[in-house]
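The structure appears below as structure tokens.
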Amino acid sequence: MKVKKVLLPNGTVIGILGGGQLGRMIAFEAKKMGYDVICMDPTPNSPCGQVADEQIVAELNDVKAAVQLAEKADVVVYEFENIDANLVEEIENKYYLPQGSKILKISQDRFNEKQQLRQRGFPVAPFYVVENAAELKSAVAGIGYPCVLKTVRGGYDGKGQYVFTGGEHLKEVDDIFKQSNTKFVLEKYLNLNSEISVIVARKENGEMVSYPVVENIHRENILHMSIVPARVSEEIQFKAVKIAKEIADEFKVVGLLVVEFFVVDDHVIVNELAPRPHNSGHYTLDACYVSQFEQLIRAVCNLPFGSTDLLTPAVMVNILGKHLTKLLDKIPTFKPDVKVHIYGKRGKIAEKRKMGHLTIMTADVAQTVADIEKSEIWS
């Protein structure tokens, strides 16, 4: 595969594997920069397809359709990590897909991800891989309570996760293993001060930039709110950025890498990796000079990186299906410092489905967080 060193906007086509909201926001930024966009997704008129010049309607493991997309594109990216890694490997062998399959395969498998990180000296919580109830009981004896069981593959937004606080919960494990034929990772449940994330953009030549450290607040294991700058010490911020850049370098990431951390006292513990744009970075669309989505394009097209400086403190809040109606009703009352982003998802509006987000630019983060928490939209 011949790597194209610089891809300028005029006539260049960006192909996106996936058509969700992350692809949509990549496409918006690409179109603003002058690129053409084609995406592939099984849902007709997908959120990204509504913005792109063309959408190929196909399943995300359809190699023939992916080749069709790659033939039409000058550079191919994936928008989220549930793309078939074998398909990505097939495409990168013949076409320009700079993100590559290596980091994708690592991030798709929690056990592999944690093992790779631990082997390279990065801090992770104690863990075991388990495949049946007997192994789980043995692992619990080694880790102790509380602990959390997570599916090795496919789980996100709290799906496929089970918290055990005492021996009585182990009575449920037979049903858990009967319902799933996947492996699980058992982790020590840490007593957290907070959760934070760092977004790093890296080019093929090793050049990197990072965004400000973000503080993340979850509800029911789904990201509810992101606060930037994070309300943690400068020492914690320095450690997190340093580790995130070291991981991006270690795995030769091209594009974006988001590293989620647990903060425990004065330590940062790596939770998960995401080799693509991230929910906690949506604030960059409104509160930074250059968004994470534009930075991804700059990285894969080998353009100069843009500034990651924060223009103003901000709070990003997710809009789930259960919030959407109330949110839409309240839009006429919003102040000028509020930006609303709706993702264009069609069909069934599930309670916990991410339908959009809003970003509040604020000089008083504490008051803004308090206002969100008492708002009837998110009550």
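Points to keep in mind about this one:
- Taken about its Cα centre, the stretch 194-374 carries a charge dipole of roughly 1020 debye when the Cβ of each Lys and Arg holds +1 and the Cβ of each Asp and Glu holds -1.
- Average silhouette area of the chain, convex hull of alpha-carbon atoms, in square nanometres: 18.9
- Bins of 5 Å, starting at 0 and running to the largest distance - Cα pair percent for the stretch 289-379: 3, 12, 19, 20, 15, 15, 10, 6, 1
- The stretch 173-247, Cα convex hull volume normalised per residue, Å³: 158
- Sorting Thr312, Thr359 from the fewest to the most surrounding beta carbons within 10 angstrom yields Thr312, Thr359.
- Separation in nanometres of the label points that stand 7 Å from Cα toward Cβ, at Glu89 and Lys183: 1.6
- Relative contact order for the chain, counting Cα pairs under 8 Å that sit 6 or more residues apart, in percent: 14
- Spin-label model, Ser379/Glu135: points 7 Å from Cα along the beta carbon direction are separated by 4.7 nm.
- Burial ordering of Ser379, Ser197, fewest other beta-carbon atoms within 10 Å first: Ser379, Ser197
- Placing +1 on the Cβ of every Lys and Arg and -1 on the Cβ of every Asp and Glu, with no other charges, gives the chain a dipole of roughly 400 debye about its Cα centre.
- Computed E for Glu234/Val57 - FRET, C-beta separation, R0 41 angstrom, nearest 0.05: 0.25
- The packing ranking of peptides 276-285, 136-145, 36-45, highest mean first, is 276-285, 36-45, 136-145, where packing means the average number of other beta carbon atoms within 10 angstrom of each residue.
- Report note on the peptides 78-85, 128-135: ranked by the mean count of other C-beta atoms within 10 Å, highest first, their order is 78-85, 128-135.
- Sorted by Cβ density within 10 Å, fewest first, the residues His267, His341: His267, His341
- Taking a Cβ cut-off of under 11 Å around His357, the surrounding Lys, Arg, Asp and Glu residues balance to a net charge of +1, with basic ones at +1 and acidic ones at -1.
Where a number appears in this text, it was derived from the coordinates with a stated rule and is not lab data. Because the structure is a prediction, the values reported are computed rather than measured. All Cβ positions, glycine included, derive from the backbone under ideal geometry; neighbour counts span all protein chains shown.
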